[in-house]
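Remarks on the structure that follows.
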Amino acid sequence: MNASPLDFDRYDHIRPILWTGDTLELLDQRKLPFVVEHVTCTTSDEVAEAIHALTVRGAPAIGIAAAWGAVLGAREIEAENGEAALMKLEPALQRLNAARPTAVNLAWALARMRRVLATSGADWREVLAREAQAIAEEDLAANRHMGALGADLIAPGSGVMTHCNTGSLATAGFGTALGVIRAGMAQGRIGKVFAGETRPWLQGARLTVWELQQDGIDATLIADAAAAHLMKTGAVQWIVVGADRICANGDTANKIGTYQLAIAARHHGVKFMVVAPSSTVDMDTPSGDLIEIEQRDPGELFGVGGSRTVAEGIQAWNPVFDVTPGELIDAIVTQQGVVERPTTASMRALFNA
Ligand code: MRU
């Protein structure tokens, strides 16, 4: 199928992270979809707290926010050159890095900021700001490219299901898995989109279907528990998800519930696609067993929309990511290319590691 050039702006209106030149404005994802409000950050610690609290979320977005956090942190110190600045900035960088453990994009972005700082001169503040801007711009370009690569894998008329939120809200714009869905819808390849609620934080219900609605893309919300049944009906040919960390053997950490979708997909002959920029690929981690899985407040399970639904005194376990084995993944799509049925050898071949 010949893809016509995509009108990116037509399908992509939301930006979660705005640098004003002076402050960082974060679209407050805790309040969506009913309140569209920005939180202003003026210090690196405010950015670290915003990442921890999920004001800004999604692997690429937290990397970009952390990079701007480093720029804000630079205002709190004085130094003659980048090397001296790096020593003084290091505690703030470490606090940003510790804000969330699973998505590798956070450490990746901060490593980039450290690298440019270490070799810069008296203009180190400008160098840092340019690097943060570059990280954001490269992410948007990567997403647009991955959108085309991923959509190419989808046969015309297919139904797709996604999980969590991997859209403009989770990135510099356009999205990863949602970028593939945007591109696939624009090209007429995708007939129907289903989004899982993504309990307990409801990224799917609160963010994904709202984001798609803003861009005029029809999506049907399902309960997470309806996914296997949906696959059995034959309504979807692809599960398309993002990633927080992709290991050297293709094992992929993503939002809790992704693993069970991959198992159900394989059982039903539904294909499973992971879409992520190469900043999410962690070739230093050989397999998924070594990934730290973030545990969040069990209280997230005790209610819906602020109302308590669970009796007092109940215990809960709340891991917010899981690891899908590489062998259950049909395609990993990055801006550097596609790895089908990933293995350590095929990952190494693409990522030169
Ligand atoms: O806890 P979250 O909302 O930050 O989790 C987000 C996800 O798991 C996404 O699928 C992943 O970060 C990819 S976003 C392009």
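We did not get these values from a lab; they are worked out from the coordinates using the rules stated. Owing to the predicted nature of the structure, the values given are computational and were not obtained by experimental measurement. A quick note on method: Cβ atoms are made from the backbone with ideal geometry, for glycine too, and the neighbour counts reach across all protein chains shown.
Computed from the Cβ-Cβ distance with R0 of 30 Å, the FRET efficiency linking residue 80 to residue 336 stands at 0.20. Between the residues 157, 98, 196, the greatest Cα displacement towards the positive end of the dipole of the chain, with unit charges on the Cβ of Lys, Arg, Asp and Glu, is found for 157.
So, counting K/R as plus one and D/E as minus one, what does the shell of residues with Cβ under 14 Å around residue 200 add up to?
Details: positive: 30, 57, 199, 206, 255, 296, 308; negative: 197, 224, 294, 297, 300, 322.
Charge balance in the 14 Å sphere: +1.
Mind ordering 51-57, 309-315, 99-105, 336-342 by average Cβ neighbours within 10 Å, highest first?
Details: 51-57: 20.6, 309-315: 7.9, 99-105: 23.4, 336-342: 17.1.
Ranked from most to least packed, the peptides come out as 99-105, 51-57, 336-342, 309-315.
Within the shell defined by Cβ-Cβ distances under 11 Å, the residues around residue 340 carry a net charge of +1, with Lys and Arg each +1 and Asp and Glu each -1.
Overall shape of segment 247-341 was characterised from the C-alpha gyration tensor. The equivalent ellipsoid obtained from it has semi-axes of 30, 16, 12 Å, in decreasing order. About its Cα centre, segment 287-329 has a charge dipole of approximately 240 debye under the convention of +1 per Lys or Arg Cβ and -1 per Asp or Glu Cβ, with nothing else charged.
Using unit Cβ charges (K, R positive; D, E negative) and no other charged atoms, how large, in debye to the nearest 20, is the dipole of the chain about its Cα centre?
Numbers: 29 positive and 41 negative charges, 191 e Å.
Here the size comes out at about 920 debye.
Based on the mean of other Cβ atoms within 10 Å per residue, sort peptides 195-205, 227-237, 273-283 so the most packed one is first.
Order by mean packing, descending: 273-283, 195-205, 227-237.
What is the angle, in °, between the Cα long axis of helix 124-151 and the longest principal axis of the Cα atoms in the chain? Nearest 10 is fine, range 0 to 90. Value to nearest ten degrees: 10. The Cα center of segment 34-55 and the Cα center of segment 146-184 differ in position by 26 Å.
How many angstrom lie between the Cα centre of segment 267-330 and the Cα centre of segment 195-265? Using only Cα atoms, the two centres lie 11 Å from each other. The helix-based estimate of mean residue ellipticity at 222 nm for the chain, built from -39,500 (n - 2.57) per DSSP H run of four or more residues and divided by its residue count, is -11000 deg cm²/dmol to the nearest 500. Residues of segment 42-76 with the amide nitrogen closer than 15 Å to a label point 7 Å from the Cα of residue 22, along Cα-to-Cβ, please. Within reach of a label on residue 22: 42-43. Ranked by the mean number of other Cβ atoms within 10 Å of their residues, highest first, the peptides 13-19, 183-189 fall in the order 183-189, 13-19. About its Cα centre, the dipole of segment 64-173 is roughly 280 debye, where the only charges are +1 on Lys and Arg Cβ and -1 on Asp and Glu Cβ.
Axis of helix 258-268 versus longest Cα principal axis of the chain: the two differ by about 30°, to the nearest ten degrees.
Taking the chain, how much of its Cα-Cα pair set, in percent, is spaced more than 27 angstrom apart? Above the 27 Å cut-off, the chain has 44 percent of its Cα pairs. Other residues within the sphere of radius under 15 Å centred on the Cβ of residue 152, judged by their own Cβ, net out at +2 (K and R +1, D and E -1).
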